[in-house]
Every structure is written in C-alpha cells, then in structure tokens.
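Structure record follows, encoded as structure tokens.
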Amino acid sequence: MYKVCKFGGSSLANSEQFKRVKDIVLSDDDRHIVVVSAVGKSNKTDNKVTDLLYLIYQHHKYHVDCTPLFNQVKKKYLDIQNELDISIDLEEEFDELKERLDNDELTEEELVSRGEYFSAKLMAAYLGFDFVDAKELINFDYEGKVVEEETNECIEKAVAVHDYFVVPGFYGSYPNYKICLFSRGGSDVTGSYMAKGAQADLYENFTDVSGFYMADPRIVDNPRHISQISFNELRELAYMGASVLHEETILPLAEQDIPLVILNTNHPEEGGTLIKKTPSARRHLITGITGKKGFTAFTFVKDKSADKLDVLLKVLALFKDFHIPVEHVPTSIDSFCVVVEKKTMEEKYYDLVSELKKIPNIISIDEDEDIALLAVVGGNMVKKTGSSGRVLSVFGEEHINIKLIDQGLEEFNIIIGISNANFDRSIRALYNRFAHEKVDEVK
Ligand code: ASP
C-alpha cells in the first residue's frame, strides 16, 4: 500500500499536536508522503498563522511596522522546534525572510506560503523524512490552474527519489517559478494532487473531526455519522455547504478512483468517513442533508411568441458576462427562473438588473430575495420509485412552503428552495424523517 496523508492546521497547532502526528505517521510504514498545513489555532483566541501572514503583508504594504506580528509567527515555530528539540536552522531562515520582506522582495503569495513551508521543514526533520518543496512539484499556469501533466511528472520523479517525504500544502509555482497559492484551505487539494501523481492507494486527510455527518451538528443534535460516501455525493454536499474539505479536493482523486478517508488526528480510533467512487453496501436511503441560505431567484416571463431558448441564452450570457455563477434554472412554458447566490452579485446588482431589462421579449422580471436551498443527497435514491415523493411529503406535513424543486436525471440529489426562515426547521424535519430510513423500506 502507498498512502498520502495530510494534516490540517489544527493538527499542527503546537508541539503536542506535532507529537500526535508523528505517532500516527510512524505507526504505519505505508504512509510515504505527508502534506502539512500552516500552524493553526491552539485555542479559541489564538490566530491561524496564514491569517497572520496575510495581515503582516497588509502592514508592510501600508508601511505600518509588522515586526511584532512577524515575531509572533516566528515564535510559534521556534517554540515547537525548541520543545521538540528539532535541530534545523529555522531562525536564520525567518531572519532572511524578514529581510526580504523589508526590502520589498516578497510577493504576498510567497509570504503567505511560508506558513506551510516552515511547518513542512519542521515536520520533515521531526519525522526523519526528506523535505520536498511544493514549488518543485505543483505547477500552475498564469491563471492559477494546476498544469496536471507537468505536476504528475514532477511528483512521479520525487516519488522515485524519496522513499518518505514531507511536502508543504497550499502552494506551488507559476511558470516563472514564483509562488502561486491555491484558495484558502487548499492544502487538501495539494494532498489530492500528490495522491494522484504518486498513484497512491489511499489519501488520508487528518483533521479535527471524524469525517462527515448526515446533517450539520449545529442544527441537529448528534447527527448520524456517515461511514462511506461516493465522490459524487460528497461533491454535492460540499458544494451546498458541508465544509470539511476544500471543494476542489475530489476531482483529482475521482479521475483515478483513489479513495479518500477523513480522520480525526485526536481520535483516529473513532474511524472516519471513507469516500470512494462506489461505496460498498450502504443501506440508508439518504446519505446527507445540507444547504445554504441567501439566494435570489429571478423569474423572467417572456412574450408568448418569442423563442424561449433565445431569451434564456441572452439572460444566461449576461450573468456570465457579470461573472455571477448561476446555480439553478427551473423553466416552464413562458417563464424561467434563474437562481443565484446573493453575495455573488453585491455591487454588480444594479448594473445587472438594468442590462437584464434591456433584453428584448421579456415581459416581466420578478425577484424573490428570500430563498434558502436545501440539498438532499443519496446514491440510494437512484432508480428508487417514490424517493422524491417521500422527501417532499415532509414539507407538506410540516406546513413548509416549497418555492422551487430541482432534481437532475442522475437522481441522487434533490434541491429544494424554501424561505430562509424555514431553513433550520426543514433540515431537522428531514433529518428526523430519514436519519434511520433504510432503502429496502421504500416500496
Ligand atoms: N493554511 C491555508 C489556510 O489557512 C491552507 C490550508 O490550511 O489548507 O487557508
């Protein structure tokens, strides 16, 4: 077996956590590649190193002395180094970094990436593994997209040379070799590319929770733990609000069918959630329930004689031009609806509406700004007659008005639009109804 494991910031918050990580990694010879995040919060009032590094850059940019903040970051790493007696010259590297910052030689991306860099330096020395810089492995184009072929080649080469190694997460390099960052939380994605490039058998993502739950524990008390989930189901759940993993984590793994397991660094014995293409025998009808508040639905009524496709294309093209992602487009004979997340419109809103009004053959545009979307996801709903009826009946029983419904032909995901005020209540009602319902109970 060849495993890639990734540890998030909370798993690396102090020397105690570093010890835990070491115990985990060294307890299994199959753990060949370790990807690390920057040092995270060690308590509620503490700050994440990545946040501090962004702040340091802002201080520097506006000529405010950033030395105390810089020293705060440096101290976090040196404390871990001293407490664990790790002998590498980190202090000198920090001093060189500060000098380069003072001399305006650092981009924001390079400075921010140093959180992961120093974590990896420390962890490699502590484990007795090689350190391989992500700058040599993860290749981005100038648009910040990973160049997959080159990246795979670089990772393959590294795997051939280094038996056991540590890689900093969250960054790689542009074609000019300057540092490029993934979006926030991106060390998860580094782990996926490492697993793909190394053709690993398993990607273990260690974090501070034991995987996924059927519903958000802030809304439902003690929700049922999900032991297995498919890539597709997880993508839907993550997209619609379940936030344990960065949403780009899945694609590189799904392409190669590399399973991913989410585990808790502090309780690895609890087991986690295994994510793979086709999970083995699962009996629950619904895998997960999630959702988000804050959507707006635009309803367009067109002239009866106008070509609907033509009007629809013009409307959608406008949303594209304004860089506003469209979430759903339910349609009927003379009208269609475009659902977007409110925060994606922000200051563009008035310009967008004035342009929409100029599109020919639209008789009226209506707006409903009070939409929450729920996603009810379950691979076992596929081809199971009656599943959607059962889901929708919960709303009738609870007297919750459904504003829109969207279910694709893949049948594993039903999207339901309700008003924001009914969000928590709907999740609880769906959970109570489906938490334990088995697929063979559905006639
Ligand atoms: N340190 C980065 C962040 O806080 C990346 C990561 O932890 O995955 O977003």
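The values are calculated or read from the model by the stated rules, or taken from the named source; none is laboratory data. The shown structure was predicted, so the numbers you read here are calculated from the model rather than taken from an experiment. Cβ: placed from backbone, ideal geometry, glycine included. Neighbour counts: every protein chain shown. When the accessible area is computed, the model is the full protein with side chains, heavy atoms only, and any ligands, DNA or RNA have been set aside. Shrake-Rupley method; radii C 1.70, N 1.55, O 1.52, S 1.80 Å.
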Report summary line: Of those in region 286-306 that are assigned to a loop (DSSP other than H, G, I, E, B) and out of contact with any Phe, Trp or Tyr (no Cβ under 6 Å at 6 or more places or on another chain), the residue surrounded by the most Cβ atoms within 10 Å (Cβ to Cβ) is T287
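Of everything in region 158-183, what is away from the ligand (no atom under 16 Å from the Cβ) and on the phi > 0 side of the Ramachandran plot? Give them in sequence order.
Of region 158-183, the ones away from the ligand (no atom under 16 Å from the Cβ) are 158-165, 173-178.
Listed by number, the list holds a single entry, Y177.
Among the residues of region 79-88, is there at least one that is more than 13 Å from the ligand (Cβ to nearest atom) and without any contact (Cβ under 8 Å) to a residue 24 or more places away in the chain? Walk me through it before giving the result.
Within region 79-88, the first condition is being more than 13 Å from the ligand (Cβ to nearest atom), and the residues that meet it are 79-88.
Then keep just the ones that are without any contact (Cβ under 8 Å) to a residue 24 or more places away in the chain; that gives 82, 85.
Looking through region 79-88, at least one residue is more than 13 Å from the ligand (Cβ to nearest atom) and without any contact (Cβ under 8 Å) to a residue 24 or more places away in the chain.
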Query raised in the report: What is the number of the single condition among (1) assigned to a loop (DSSP other than H, G, I, E, B); (2) closer than 29 Å to P268 by Cβ; (3) more than 15 Å from the ligand (Cβ to nearest atom) that K41 does not meet?
Result: (3)
Report summary line: Taking region 184-195 and keeping only residues that are more than 8 Å from the ligand (Cβ to nearest atom) and open to solvent by 10 Å² or more (accessible area, probe 1.4 Å), one is left with Y193
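Report, by residue number, each residue of region 197-208 that is at pLDDT 95 or above and either surrounded by fewer than 22 Cβ atoms within 10 Å (Cβ to Cβ) or in contact with a strand residue (DSSP E or B) (Cβ under 6 Å, 6 or more places away or on another chain) (or both). Walk me through it before giving the result.
Applying the first criterion (at pLDDT 95 or above) to region 197-208 yields 197-206.
Within region 197-208, A198, Q199, A200, D201, L202, Y203, E204, N205, F206 meet the criteria.
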Query raised in the report: Has region 209-221 got at least one residue that is touching a Ser or Thr at 6+ places or on another chain (Cβ under 6 Å) and buried (at least 19 other Cβ atoms within 10 Å of the Cβ)?
Result: yes
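Among the candidates L237, L274, L245, L253, which residue alone is part of a strand (DSSP E or B) and at negative phi? Can you show your working first?
On the way: L237 fails: part of a strand (DSSP E or B); L245 fails: part of a strand (DSSP E or B); L253 fails: part of a strand (DSSP E or B).
L274 is the lone residue from the list that is part of a strand (DSSP E or B) and at negative phi.
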**Report entry** Search result, residues across region 403-425 that are at pLDDT 90 or above, assigned to a loop (DSSP other than H, G, I, E, B) and either of a type in the set (G, A, S) or surrounded by fewer than 15 Cβ atoms within 10 Å (Cβ to Cβ) (or both)
**Finding:** S419
Query raised in the report: Only one of I155, I138 is touching a residue at least 40 places away in the same chain (Cβ under 8 Å), within 16 Å of the ligand (Cβ to nearest atom), crowded, with 16+ Cβ neighbours inside 10 Å and over 22 Å from L52 (Cα atoms); which?
Result: I138
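Is it fair to say K358 is in contact with a Phe, Trp or Tyr (Cβ under 9 Å, 6 or more places away or on another chain), surrounded by fewer than 18 Cβ atoms within 10 Å (Cβ to Cβ) and over 22 Å from I219 (Cα atoms)? I'd like the intermediate steps shown before the answer.
Working: in contact with a Phe, Trp or Tyr (Cβ under 9 Å, 6 or more places away or on another chain): no; surrounded by fewer than 18 Cβ atoms within 10 Å (Cβ to Cβ): yes; over 22 Å from I219 (Cα atoms): yes.
So K358 fails the test.
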